Amino acid sequence: MSGSRKAVALVAIANVARAGSLAVSMFVLARALGPTGRGEVAAALAPMTAASAAFAGGLPDAVSHFVARFPTSARKVLVRGLWMALVLGVLAAATVASFAGLLGGGNDGLAEMIMWVGLATIPTIGIVVLRAHSSGRRLWRRVSFEAIIAGSIQIVGLTALWALGQLHVQYALIVMVFGAAAGGLVYIGAKSSSDELRDDEVSYEMLGRYSAGAWLGAIGMVGMTYLDQMLMTPLSSVEQLGIYALAINIASLLSVVTVSIRSVVLVNESAAIDFERLARHARFSLVLSLVLALATAVTLPFLVPLIFGDAFAASVVPALLLLPPLVITASGSVATAGLMALGRPWLRSISIAIGMVLNVVLVVLLVPPFGAIGAALAMLASAIPPLLSILFLRRYYGLRVRDFLIPRPADVRGLLSMLGGIGRGRGEN
């Protein structure tokens with residue numbers, strides 16, 4: 001458990017850094033640009049982010065899985081993963097450019113920004129492969145440094161421009177894209193042991209097959225995460241997108257725990273599956289997410305107007321509606337990582353595809369009449385895939401559903417110990 005606690009602690013540091021950067025960016029952009037400008041930034045970034053995730057598909061998970069399972073092939077997995085990332089990045093950039101006019105909602109200036117920001121898909125996919133490689137090798141400190149560097153550049157850049165009165169939509173996009181790319185420099189020069197040059201156990205075919213199995217799931221996650229934001233402008237308005245973007249950003253801050261645990265689970269269980277450990281981590285994630293959600297629900301109505309201004313008070317209700325799905329998915333997302341580690345990415349894809357279809361239907365039906373609130377209600381569909389993952393583990397491996405969803409007294413002691421590891425965590429795991 002000690003190694004797992006340190007790993008989760010270091011990954012949590014990375015995600016806290018991303019969350020902190022996001023929080024500061026939300027504040028600065030909201031204050032400097034207002035709902036409309038904030039919406040334009042979201043409208044320009046969402047297609048690039050979505051395309052990066054969609055075209056990368058299951059490649060990052062495949063790299064992490066095979067590096068952890070076949071450590072002597074780690075370097076060759078990385079090289080092959082980067083070549084695949086280059087091809088996918090070019091295709092992603094071309095796709096964003098082809099849809100820029102439609103996603104701009106008739107705004108030529110916004111469409112042009114979407115097209116240029118779309119070029120960032122090329123380095124973005126390369127960086128996620130580099131991150132996956134380091135995760136598979138359990139170089140969690142390097143992953144943390146990437147997030148800290150990227151977040152620091154974004155915070156300093158946006159704050160400086162705001163202080164100088166020069167924070168416009170275009171400049172905000174440049175800072176945010178450059179900061180994310182600069183963080184990837186931390187992976188350059190990562191040393192590999194001589195053993196990693198020895199074997200060739202993972203072929204392009206194996207990487208491609210695993211990635212393809214996870215691809216539909218990745219597409220589904222893109223749909224549930226970004227489709228509402230991309231469709232908000234044509235279905236509603238840029239202002240409603242600005243309101244919803246703040247709400248979804250607030251909700252994403254609470255996913256730090258789940259994302260951190262899931263990243264470690266995928267690597268640990270790929271190396272050696274332990275069903276008891278998998279269920280324990282799922283319960284950890286559930287309890288922590290519930291505590292964070294309750295604290296957020298109590299403070300959100302007061303903090304949003306105070307921090308972001310009265311213009312964003314309308315973000316409170318959508319943000320509150322986004323909390324229940326986050327709690328429900330906490331343990332299930334860890335179960336999903338278990339399925340991926342077991343070499344069953346297709347099961348994850350099936351469950352996410354079901355959730356995505358329902359989410360798309362709800363977005364189209366609810367956003368035109370209800371705007372940001374409708375988009376938040378549509379996100380209730382995101383709770384379906386993680387629950388299905390738990391049921392798949394029950395069906396194929398005989399695991400008990402209650403072991404994932406009902407916390408035990410011993411979990412509290414384990415959680416306190418794990419949280420203590422965040423303060424003590426050091427060294428690369």
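The values are calculated or read from the model by the stated rules, or taken from the named source; none is laboratory data. From a predicted model like this one, the values you see are computed outputs, not experimental measurements. We place every Cβ from the backbone using ideal geometry, glycine too, and count neighbours over all the protein chains shown. Surface areas here come from the heavy atoms of the whole protein model, side chains and all, with no ligands, DNA or RNA. Shrake-Rupley method; radii C 1.70, N 1.55, O 1.52, S 1.80 Å.
Any residue at all in region 274-290 that is hydroxyl-bearing (Ser, Thr, Tyr) and touching a Phe, Trp or Tyr at 6+ places or on another chain (Cβ under 9 Å)? Give the derivation first.
Kept after step one, since they are hydroxyl-bearing (Ser, Thr, Tyr), are these residues of region 274-290: 285, 289.
Among the residues that remain, those that are also touching a Phe, Trp or Tyr at 6+ places or on another chain (Cβ under 9 Å) are: none.
Checked against the condition, which is being hydroxyl-bearing (Ser, Thr, Tyr) and touching a Phe, Trp or Tyr at 6+ places or on another chain (Cβ under 9 Å), region 274-290 yields no hits at all.
If you go through region 42-60 and pick out every residue that is at pLDDT 85 or above and buried (at least 24 other Cβ atoms within 10 Å of the Cβ), you end up with 9. For region 134-144, the tally of residues that are farther than 17 Å from Ala181 by Cα and either surrounded by fewer than 24 Cβ atoms within 10 Å (Cβ to Cβ) or of a type outside the set (Phe, Trp, Tyr) (or both) stands at 6.
For region 81-96, the criterion of a residue being closer than 17 Å to Ala42 by Cβ and either out of contact with any Leu (no Cβ under 7 Å at 6 or more places or on another chain) or not aliphatic (A, V, I, L, M) (or both) is satisfied by at least one position. Residues that are surrounded by 22 or more Cβ atoms within 10 Å (Cβ to Cβ) and within 29 Å of Ile188 (Cβ to Cβ) within region 85-112 comprise Ala85, Leu88, Gly89, Ala92, Ala93, Val96, listed in sequence order. For region 316-326, a residue qualifies if it is modelled with pLDDT under 90 and over 16 Å from the mean Cα position of the chain (by Cα), and exactly one does: Pro324. Taken together, Ala111, Ala93 contain a single residue that is under 22 Å from Met48 (Cβ atoms), without any contact (Cβ under 8 Å) to a residue 40 or more places away in the chain and not acidic (Asp, Glu), which is Ala111.
Of the helices (runs of 4 or more DSSP H) lying entirely inside region 303-404, the ones with 3 or more residues being closer than 30 Å to Val28 by Cα and open to solvent by less than 10 Å² (accessible area, probe 1.4 Å) are found at 316-341, 372-378. Going through region 194-215 one residue at a time, which ones are modelled with pLDDT under 75 and either in contact with a strand residue (DSSP E or B) (Cβ under 6 Å, 6 or more places away or on another chain) or open to solvent by 60 Å² or more (accessible area, probe 1.4 Å) (or both)? Passing the criteria: Ser194, Asp195, Leu197, Arg198, Asp200, Glu201.
Evaluation of Gly104 against the conditions (1) free of Cβ contacts under 8 Å to residues at least 40 places away in the same chain; (2) over 25 Å from Leu266 (Cβ atoms) shows that the sole unmet condition is (1).
Here region 236-290 is the region considered, the condition is being of a type outside the set (Ser, Thr, Tyr), touching a residue at least 60 places away in the same chain (Cβ under 8 Å) and not in a helix (DSSP H, G or I), and the residue that is farthest from Ser135 (Cα to Cα) is Leu254.
For Arg400, are the conditions met, namely being of a type outside the set (A, V, I, L, M, F, W, C), on the phi < 0 side of the Ramachandran plot and modelled with pLDDT of 90 or more?
Values: of a type outside the set (A, V, I, L, M, F, W, C): yes; on the phi < 0 side of the Ramachandran plot: yes; modelled with pLDDT of 90 or more: yes.
So Arg400 passes the test.
Pairing each residue of region 28-45 that is in contact (Cβ under 8 Å) with a residue 40 or more places away in the chain and closer than 8 Å to Gly242 by Cα with any residue that is acidic (Asp, Glu) and open to solvent by 20 Å² or more (accessible area, probe 1.4 Å), provided the two are 6+ apart or on different chains, yields C-beta distances under 7 Å for Pro35/Glu239; Thr36/Glu239; Gly39/Glu239.
Test Arg283 against the stated conditions and say whether it is crowded, with 21+ Cβ neighbours inside 10 Å and in contact with an Asp or Glu (Cβ under 6 Å, 6 or more places away or on another chain). Write out each step before concluding.
Details: crowded, with 21+ Cβ neighbours inside 10 Å: yes; in contact with an Asp or Glu (Cβ under 6 Å, 6 or more places away or on another chain): yes.
Here the answer is yes, as Arg283 does meet what is asked.
So is Ala147 surrounded by 22 or more Cβ atoms within 10 Å (Cβ to Cβ) and modelled with pLDDT under 85 or not?
Criteria met by Ala147.
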